[in-house]
Structures are given as structure tokens and as C-alpha cells.
Amino acid sequence: MSDSTLNPERTNRGVQELQREELTMDRPVVEQQNQAVHYHAANGVQCPFCGVVNEPDAMFCASCGQPLGKMSCPNCGAEIDPDADFCEVCHHYIRTDVCSFCGAHLSGQEAFCPECGNPRGGIMCPVCHTLNDFSFCKQCGTALTEEARQLMAELQMTPEYKEMQALARELEELEMSLPYTSEKDIVRDQMNRQLRERVLKLLAQDKGSTAPIVEKPSKRISKEELEAKKNIRAQRLTELLEKMAQVPQPQPAKVRNYAMACKPQGVRLAWECNFKHALHSSPCGCAKPQMGGKWIILGKNSRQEIKDDI
């Protein structure tokens with residue numbers, strides 16, 4: 001007869017010890033599983049298209065099938081983000097399934113966008129003759145499509161744009177102004193005004209005119225006054241540009257079109273993107289304008305570096 005039959009208590013003790021051993025053996029497995037879950041959440045690759053977290057070494061999203069990580073530009077082979085639509089190395093639009101002018105979906109075979117009707121090969125600017133993939137000329141800013149012209153007309157009617165344009169013109173005039181730099185400049189300017197007045201009086205006498213000579217006030221001011229005027233206008237213009245900054249949104253074409261349409265003319269600006277916080281001559285040269293951005297004032301003698309997007 002076995003010991004287990006003779007001693008039931010010993011048998012129960014053996015069963016309990018066996019259960020404890022099984023639990024002890026299962027615990028590392030559970031811990032490993034939990035660690036794997038935490039590692040996957042912390043180190044997994046999030047899909048930029050649908051947001052699903054994939055395995056760290058996954059090349060394509062398990063949910064939507066889109067590529068993960070870096071890709072290569074089909075034109076020059078440079079490394080680019082999977083959701084970029086423009087290569088900042090060779091300056092080419094690289095998406096074949098999205099219209100660069102309006103953002104509509106393309107099957108890949110159309111010569112013209114079925115939504116906006118614009119050619120997939122680009123539009124030649126009638127002003128500077130630059131070939132463009134987008135609705136506004138990247139060289140001179142001319143609106144190239146009917147939608148772009150309508151958007152520009154709408155934005156130019158807003159109070160913010162009108163004030164921005166007025167400030168830009170004032171800044172342009174101030175940049176062209178020649179300030180007093182010394183006492184000699186002031187004396188010379190006074191002498192020039194007096195000479196003008198004498199010449200006008202002599203001409204009036206020759207013509208027999210008795211009309212009074214209208215004195216033309218000098219617009220020249222000191223260098224300090226000129227800089228103060230420029231700073232006041234530049235600060236207000238910066239506030240308006242901040243107010244009209246483009247927030248992130250899914251369609252890059254919408255961001256490019258809005259930014260180009262609300263750009264004031266007459267002042268040197270650069271587009272600061274939210275993608276890399278780089279300075280572009282326009283959002284047409286940003287690989288991911290869908291992340292948003294804004295125009296910033298560079299000024300006449302600014303040394304800030306602008307990426308060559310043309």
C-alpha cells in the first residue's frame with residue numbers, strides 16, 4: 001500500500017506544494033508578458049497615418065498597411081518621412097495619389113485632377129515662367145489657379161490682411177528712407193530746402209505768378225527715430241502674422257494655399273514651419289506643411305538662413 005493511501009495529510013501537502021511550484025513557474029511567464037506589453041507601448045512605432053502602435057521593427061502598419069519609419073525619395077533617393085509629400089533635397093513633389101493643387105485623391109493615371117481640373121505636370125507661371133506643382137508660384141507668389149485667386153480675393157478683404165498690407169508698405173517706405181546721421185546732414189537739408197524755395201520764387205516771378213510758394217516739409221528724421229518707427233510697425237505686423245498662423249490640418253495643399261494667399265507684399269518674409277522649425281522662402285518648400293507654420297519678418301539686412309526651396 002502506498003504512503004499516500006496511508007497518510008492523506010501528506011498527500012494534501014504534496015498537492016499544495018505542486019500547485020505552489022506551478023504558480024512559481026507561471027509567474028515569470030506573466031511578468032515577461034507584461035514586460036513585453038510595456039516595451040511594445042514604449043518602443044513601438046506609431047503609424048503617422050492612423051495612429052496605431054506597431055512592433056518596433058515593423059516596416060508597414062498592421063492596421064492600415066502604410067509604410068512606417070523613413071522612406072526614400074523616388075526622384076533622388078534622399079531619406080524622407082512617410083507622410084511627406086515634398087522632397088526638400090531635390091525640390092520635387094513626390095505624391096502620385098494626391099493632387100498637389102487641391103489635395104484630392106488621385107488613382108495615379110489621370111493627366112488632370114478630377115476635382116480641380118489642374119494638370120499633374122505642373123503650371124507655368126505667366127509672370128516669371130517658373131514651373132510650379134502648387135497653386136501659387138514659389139518664385140513670385142502669383143496665384144495660378146482659379147481657386148487660389150478666389151481664396152486670395154477673400155482674404156484680402158479681411159481687416160487683418162488690409163492692416164498687414166498697409167504696415168508692409170509703410171515698412172518698405174521706411175527701409176528706403178535716408179535718416180540724418182550727423183549735424184551736417186541737418187544743415188545740408190535746410191540749405192536744400194532754402195534753395196528750392198528761391199528757385200520756385202524766381203520761376204513764379206518769370207511767369208508773373210503771385211501765388212505763395214508752398215513749403216515742402218522734410219521727411220528725414222534721425223536714425224533713432226527711424227528705427228523706432230520701424231520697430232513699432234514690425235511688432236504690429238508680427239502680431240497679425242501670428243494671428244493668421246496656419247494651425248495643423250490633414251491636407252498639405254490647404255495649408256500651402258492659405259499661407260500663400262495671406263502673405264503681405266512689400267516686406268521680406270520667411271515661412272517658419274512646425275515640422276523642423278526651419279525657415280523656407282515659402283510653404284511650397286516644406287515637406288510637411290500639414291503640421292502648420294507662420295510667416296515671420298526677416299527685415300532688409302537679416303542674416304537668418306533660408307532654405308533654398310526653388
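The values are calculated or read from the model by the stated rules, or taken from the named source; none is laboratory data. As the structure is a computational prediction, the values presented were derived from the model and not from experiment. A quick note on method: Cβ atoms are made from the backbone with ideal geometry, for glycine too, and the neighbour counts reach across all protein chains shown. Ligands, DNA and RNA are stripped out before the accessible areas are found, and what is left, the full protein with its side chains, is counted by its heavy atoms. Shrake-Rupley method; radii C 1.70, N 1.55, O 1.52, S 1.80 Å.
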Which of the peptides 94-104, 71-81 is most tightly packed, and how do the rest follow, judged by the mean count of other Cβ atoms within 10 Å per residue?
-> 94-104, 71-81
Accessible surface of segment 94-136, 1.4 Å probe, proportion on carbon and sulfur as whole % | 56 percent
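Kindly report the accessible area of segment 113-180 per residue (heavy atoms of protein chains, probe 1.4 Å, no ligands, DNA or RNA), in Å².
55 Å²
Mind running the shape call on segment 201-309? Use the C-alpha gyration tensor, a ≥ b ≥ c as the square roots of the eigenvalues: rounded below 1.5 for a/c, prolate if a/b tops b/c, oblate otherwise.
In terms of gyration-tensor shape, prolate.
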Ranked output for segments 215-221, 161-167 by mean other Cβ atoms within 10 Å, highest leading, reads 161-167, 215-221
Cβ-derived FRET efficiency at R0 22 Å, His92 paired with Val247, nearest 0.05 | 0.25
Quotient of C-alpha Rg and 2.2 N^0.38 Å, computed over segment 54-195 = 1.71
When each of Lys223/Lys243; Lys216/Lys263; Lys162/Lys230; Lys162/Lys216; Lys230/Lys254; Lys138/Lys219 is checked by Cα-Cα distance, pairs over 25 Å = Lys223/Lys243; Lys216/Lys263; Lys162/Lys216; Lys230/Lys254; Lys138/Lys219
How much of the accessible area of segment 191-307, probe 1.4 Å, is carbon plus sulfur, in whole percent?
-> 52 percent
Within segment 236-307, list the trypsin sites (Lys or Arg not before Pro) lying in a DSSP loop whose Cβ has at most 10 other Cβ atoms in a 10 Å radius.
-> Arg303
